[in-house]
Amino acid sequence: MAPHYELHPDRNFSIAVVGGGIGGLCTATGLLHQGVPVTIYEAAPSFAEIGAGVSLGPNAARAMQLIDPAIHAGFLKCATNNGWDDRKNFWFSFRKGEDTSTEFGTRFFDLWCETGQSSVHRARFLDELVALVPREVAHFGKRLEDVEDRGDHVLLRFADGTTAEHSALIGCDGIKSKVRLAVLGAEHPAAHAVFTGKYAYRGLIPMADAASLLGEELAMNSQMYLGHGGHILTFPIEHGKTMNVVAFSTKADGKWEDSEWVKPLDREAMYRDFDGWVPATSKILSLMQKPDMWALFNHLPAPTYYKNRVCILGDAAHASTPHNGAGAGQAIEDALCMSRVMAHVYDSADVPRAFAAFDRVRRPRSQRQVQVACESGWLYDLQAPGIGDDWEKVKQRLATKQQWIWDHDLEADVTEAVRVYQEESARL
């Protein structure tokens with residue numbers, strides 16, 4: 001049963017949240033926790049996440065605790081770490097994927113992390129988040145078609161022919177966001193996601209099978225195999241019952257002309273992409289169950305995340321490649337900042353200023369993460385300018401590249417967003 005939230009009686013506005021993924025539900029929970037009236041509109045018949053494992057770093061864990069400790073408690077219920085005690089604080093063990101002098105690739109670096117490789121199955125984590133949202137605030141089968149900002153409120157039009165009016169809209173509707181188009185305009189260069197030149201094969205392997213073929217060390221603890229033009233990562237999910245696999249490769253012409261971003265797997269093409277790699281990687285690829293191929297798109301930097309009473313966050317604002325394991329964490333940081341600044345809003349007329357404060361604080365950091373994630377992909381694929389396959393330089397970059405994400409002062413961000421909002425309000 002969802003907790004009961006006390007809405008502040010003096011608030012004369014309501015917020016629509018479009019999209020019921022991790023970002024949308026964390027935002028809605030955060031707003032409710034601060035006494036802000038919220039309605040969630042989800043296109044699907046129920047809350048659902050696609051994909052399997054998602055990594056969340058120590059910054060995401062802190063953001064969850066700051067939004068609502070119940071979110072973090074739900075995360076801990078379904079989180080999985082490395083299986084061996086002496087590897088609990090390793091983010092990944094990095095291996096030379098083409099070093100065929102060994103079966104498993106030379107392990108050349110272990111990256112320490114406060115929370116280790118902490119990952120959840122998306123659907124399980126979503127179940128925990130759903131439990132925190134009162135049933136009456138969620139509406140399903142509501143695919144957004146259009147948003148009309150009428151100055152003092154917004155009108156939402158849905159594909160089923162219905163409409164809804166709210167004081168403001170927060171778009172958490174993912175990489176193909178309709179709300180993003182409303183903020184930027186459909187013709188803006190940053191309105192639509194662009195192909196990054198990379199694609200990924202994703203699949204799952206029962207842990208018993210993985211351990212039988214690879215041994216427990218490689219199967220139960222996160223590994224990343226680096227090579228020219230690609231890399232393969234594995235980590236345990238579902239409390240160690242399953243090994244999640246993602247194998248990344250580079251599209252030679254840098255183009256993706258298919259209208260579908262997720263396609264059925266061509267196993268022979270996958271094997272060709274990793275031909276000549278260490279035997280362990282061949283075993284991993286051969287064991288993958290329910291595999292598919294994902295084109296990796298991201299967003300170019302938007303000049304703003306809001307327009308008057310319409311705002312975007314999460315993948316709708318800054319969709320990223322997964323190479324830093326930080327995309328979902330950035331959405332949760334967004335939710336923290338949004339809910340804390342909205343806690344200071346009591347009059348509908350002040351909502352745009354809260355959105356402006358959110359934009360000023362969150363846009364630089366989240367857009368930097370999108371760029372650095374791309375750079376990490378080049379690093380893992382031995383394509384980083386000035387580094388390439390110089391293993392000592394690769395190691396040096398790996399050692400420091402995550403710290404600015406993991407060690408960030410989130411409470412300082414909240415303080416700054418509130419300061420910006422109050423400063424702007426005081427000028428009126």
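Assorted remarks:
- Close contacts from region 130-150, counting a first residue that is more than 30 Å from Ala186 (Cα to Cα) and a second that is among the charged types (D, E, K, R) and surrounded by 13 or more Cβ atoms within 10 Å (Cβ to Cβ), with Cβ to Cβ under 9 Å and a gap of 6+ residues or different chains, come to Leu132/Asp68.
- If you go through region 23-53 and pick out every residue that is within 19 Å of Lys142 (Cβ to Cβ), touching a helix residue (DSSP H, G or I) at 6+ places or on another chain (Cβ under 6 Å) and at pLDDT below 95, you end up with 2.
- Residues located in region 324-367, provided they are assigned to a loop (DSSP other than H, G, I, E, B), farther than 17 Å from Pro37 by Cα and open to solvent by 20 Å² or more (accessible area, probe 1.4 Å): Gly325
- Inter-residue pairs, beta-carbon under 6 Å, first touching a residue at least 60 places away in the same chain (Cβ under 8 Å) and in region 229-247, second charged (D, E, K, R) and open to solvent by less than 20 Å² (accessible area, probe 1.4 Å), 6+ apart: Gly229/Asp381; Gly230/Asp381; His231/Asp381
- Helices (runs of 4 or more DSSP H) wholly inside region 146-223 that include at least 1 residues being of a type in the set (Ser, Thr, Tyr) and either touching a Gly at 6+ places or on another chain (Cβ under 6 Å) or open to solvent by 10 Å² or more (accessible area, probe 1.4 Å) (or both): 207-214
- The residues in region 262-289 that are open to solvent by 30 Å² or more (accessible area, probe 1.4 Å), in contact with a strand residue (DSSP E or B) (Cβ under 6 Å, 6 or more places away or on another chain) and within 28 Å of Phe94 (Cβ to Cβ) can be counted, and the count is 5.
- Test: Trp84 is surrounded by 19 or more Cβ atoms within 10 Å (Cβ to Cβ) and out of contact with any His (no Cβ under 7 Å at 6 or more places or on another chain): no
- Glu128 being within 21 Å of the chain's Cα centre (by Cα) and among the acidic types (Asp, Glu): yes
- The set of residues in region 234-257 that are part of a strand (DSSP E or B) and either open to solvent by less than 20 Å² (accessible area, probe 1.4 Å) or modelled with pLDDT under 95 (or both) comprises Thr234, Phe235, Pro236, Ile237, Thr242, Met243, Asn244, Val245, Val246, Ala247, Phe248, Ser249.
The values are calculated or read from the model by the stated rules, or taken from the named source; none is laboratory data. Note that the structure is a prediction, hence the values are computed from the model and not measured. Don't worry about glycine lacking a Cβ; one is built from the backbone with ideal geometry, like all the others, and counts go over all protein chains shown. Accessible surface areas use protein heavy atoms only, side chains included; no ligands, DNA or RNA. Shrake-Rupley method; radii C 1.70, N 1.55, O 1.52, S 1.80 Å.
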